[in-house]
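The structure appears below as structure tokens.
Please treat every number below as a calculation from the coordinates, not as lab data. In this text, all values refer to a predicted model and were calculated from it rather than measured experimentally. Cβ coordinates were reconstructed from backbone atoms using ideal geometry, including for glycine residues, and neighbour counts include every protein chain displayed.
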Amino acid sequence: MTTTEETMPSTELVVATPSPAIATLFGSESPDEIITKVAETAHALANVIAKQKLSVSISGRKYVRVEGWTLLGTLTGVFPVLEWTRRLENGWEARVEARTLSGAVVGAAEAMCLRSERSWATRDDYALRSMAQTRATSKALRQPLGFVVSMAGFDATPYEEMPPPEATVVEAAPRQVGPVQAPASAASGPIATEKTANYVRALISQLDKAGTIAKDTLLEAVGKEYGTEDPRELTQAQASDLIERLKARLGEET
């Protein structure tokens, strides 16, 4: 019995045609599909940022911390890659690229942290270097992903790029040297009034100017104790507790 031509195995080389690459971060080239996916991503991002307190309110606008930006990068497959850091005469500079898993560069930024900035004047070198990297990271991710943050209801400017809010300094009183030990307070309750928040900022600024305790050091302690470094995000009870201790360090009567 002979094998017919129809049943003989083919030896012809078949070249598969590769599927066209999708050029967008959202796996589609359809505008409607992209908008839908962006909206879903923005909604999920907003929920996590609110729950984990990854944003800071300044003058009524909410700015996302670098942790929120890197979260968004993970959701969309865009990752910050440090290219270099270099020492400057009075600080540090860093460059970060935003890349996809395939290695495509979709954003890049350079940022500095300098001792000419008041809150960084006395910090260690490693802290300035780290902040330069942090600022470059959020700036690099902002280029391809800033519109998603805007759709989520936040300002597209990263929080780390915002200057610290100025405080009105109250009249100095006799001071006590030593760190402020702020007690933990319940995180629930009404948010501090603008007047109370401004008073907290004023006391912090006065302690800093008096040389009793550096503003950035104090804010870090407040952030660890209360969950935020921004007095506007404290509850009224938290702000009252903090005011008592700040005044005690200034030697004022509570």
Lys53-Met162 FRET efficiency (beta carbon distance; Förster radius 25 Å; 0.05 resolution): 0.95
FRET efficiency, Arg115 to Ala44 (Cβ-Cβ, R0 41 Å, nearest 0.05): 0.55
Burial order of peptide ranges 92-101, 129-138 (average beta-carbon count within 10 Å, highest first): 129-138, 92-101
Packing-based ranking, highest mean first, of 43-53, 67-77 given that Cβ atoms within 10 Å are counted: 67-77, 43-53
Cross-link table Lys37/Lys139; Lys62/Lys139; Lys51/Lys247, entries beyond 27 Å C-alpha to C-alpha: Lys51/Lys247
